[in-house]
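Every number here is computed from the coordinates shown, using simple stated rules; none is lab data. All figures in this text were calculated on a predicted structure; none of them were measured in a lab. Glycine gets a Cβ as well: all are built from the backbone with ideal geometry, and neighbour counts include every protein chain shown.
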Amino acid sequence: MLEKNQKLGEILNGMDRVMVAFSGGIDSAFVLKRAEQELGASNVLAVVVASELFRNEEFEGAVQLAEKMGVPVHQTEIKELEQEEIAANTPESWYYSKKLLYTHLNQLAEKMGYAYVLDGMIMDDVDDFRPGLKARTEAGVRSVLQEAKLYKREIRALAKEIDVPVWDKPASCSLASRIPYGTILDKQKIYQVDEAEKFLIKLGFNMVRVRHHGEIARIEVLPEKMNGIIEYREKIDLKFKSLGFSYISIDLNGYRTGSMNEVLPDQTIVG
Ligand code: NMN
């Protein structure tokens, strides 16, 4: 782990000024901190991108965190729902989503004079179903944590050591992951899952997903938290119905990342 961290330092040292795609999550926060350590804050820019498919609070939290870390911040925005290939919500939409993001970042980097755009992809993402990795490679964006062969558990440990405040933050991602493939994304569905999850997070369910199956909401929480959902069932039922769901269910398999991929044919995942 220490060797990998040293390797990361060497990679960063080979770059002069870097722009970091900063989501406020553990991975990009670790990249930002290490870049700041190796190159100095004046040679690092945190770019925080707003999108309809990401929680507003995450955007604001990311801006505040970068400021707290003493790194200059640039705020920008992409319009994901306006792109047909993204709104269609097919497995390839992940690719188009990342393509839009990286194209935007590359243009910004050119305009602002940064030779390198870094993101926070890690080794664990290689084993996941991540069509976005192709867009990253095409755009020439550098996933320095992958280049240093770092895995999540190592990043958490290293981040804790150097006081990255979000070392224990649960993984978050585009709200599109809550909507079944083939169901067109729109502001209303995104609003429903966003509000439903925020409600559960406020009740103390930190690791949570609310998957949107039309009139049915399927709640995923850790198995040991399922009883807690039952305890709050009337409150949750009322809130979710006010958001437009007719039936509210708990997934007995519990919280897991990528559950929408489980119904995809095997060849989609491999391809
Ligand atoms: O944790 P959940 O909500 O299930 O989201 C994770 C899933 O979303 C992943 O398994 C992946 O299939 C998908 N995803 C893909 C990309 C990408 O291809 N770049 C990015 C974020 C999420």
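Take the alpha carbon gyration tensor of segment 213-271, find the square roots of its eigenvalues, order them as a ≥ b ≥ c, and report rounded if a/c is under 1.5; if not, report prolate when a/b exceeds b/c, else oblate.
oblate
Say we join alpha carbon atoms closer than 10 Å with springs in a Gaussian network model of the chain; which of 111, 160, 169 then has the biggest fluctuation?
So, out of 111, 160, 169, the one fluctuating most is 111.
Mind listing which GluC sites (Glu not before Pro) in segment 215-256 are in a DSSP loop and have 16 or fewer other Cβ atoms within 10 Å?
Filter output for segment 215-256: 215.
Given points 7 Å out from each Cα along the Cα-Cβ axis, report the residue 247 to residue 115 separation in nanometres with one decimal.
About 5.9 nm separates the two model spin labels.
Please label the shape of segment 146-271 as rounded, prolate or oblate, based on the square roots a ≥ b ≥ c of the eigenvalues of the alpha-carbon gyration tensor (a/c under 1.5 means rounded; beyond that, a/b larger than b/c means prolate, else oblate).
oblate
Quote to one decimal, in nm, the extra length available between residue 3 and residue 126 on full extension: 0.36 nm per residue of separation minus the C-alpha distance between them.
Difference between extended and current length: 42.2 nm.
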